[in-house]
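Participant: Got a structure for you, written out below as structure tokens; questions coming shortly.
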Amino acid sequence: MEPSKICRLPLFAWTCAESEGQKEVVPMCPKHGGAKTRFGTFGTGMIVTCHEERNHLVKLCNRQEFEAERKEATARLYPSPQREEEQVP
Ligand SMILES: [Zn+2]
């Protein structure tokens with residue numbers, strides 16, 4: 001499956017993924033182009049893993065840098081100002 005749009009930033013190349021009708025901006029695996037990745041918190045940082053190979057670690061990174069890049073990628077991939085950060089209690 002070819003990703004329609006890619007936004008390359010220093011940490012990751014980002015693309016839009018659609019799951020269950022929800023569009024999401026996700027980092028891409030640099031080794032398996034277009035492979036689906038998962039990300040989550042890991043200690044004080046973020047961990048990004050890839051589904052293509054078992055336990056393929058894409059990158060560990062600083063959480064703030066990850067969020068900042070994701071925000072920038074989102075702004076570039078979706079140039080409308082509709083997205084609002086959800087407040088986390
Ligand atoms: Zn991979």
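The values are calculated or read from the model by the stated rules, or taken from the named source; none is laboratory data. Note that the coordinates shown come from a computational prediction; the quantities given were computed from them, not determined experimentally. Heads up, the Cβs are rebuilt from the backbone with ideal geometry, glycines too, and the neighbour counts pull from every protein chain shown.
Participant: Pairs only if they're at least six apart or on different chains, beta carbon under 8 angstrom, first in region 42-53 and of a type in the set (Ser, Thr, Tyr), second near the ligand (Cβ under 8 Å from one of its atoms); list them, first residue then second.
Facilitator: Thr49/Thr37; Thr49/His56; Thr49/Val58
Participant: Output the residues belonging to region 4-19 that are loosely packed, with under 13 Cβ neighbours inside 10 Å and without any contact (Cβ under 8 Å) to a residue 40 or more places away in the chain.
Facilitator: Ser4, Arg8, Glu18, Ser19
Participant: Return the pairs, sorted by first residue and then second, in which the second residue is within 16 Å of the ligand (Cβ to nearest atom), the first residue lies in region 20-33 and is without any contact (Cβ under 8 Å) to a residue 24 or more places away in the chain, the beta carbons are less than 7 Å apart, and the residues are 6+ apart or on different chains.
Facilitator: Glu24/Ala17; Val26/Trp14; Val26/Thr15; Val26/Ala17; Val26/Thr37
Participant: May I pose another question? Take the residues in region 22-39 that are of a type outside the set (S, T, N, Q) and at pLDDT below 85; name whichever of them is nearest to the ligand (Cβ to nearest atom).
Facilitator: Ala35
Participant: Inside region 59-85, can you point out the residues that are surrounded by fewer than 13 Cβ atoms within 10 Å (Cβ to Cβ), of a type in the set (S, T, N, Q) and modelled with pLDDT under 95?
Facilitator: The answer is Ser80, Gln82.
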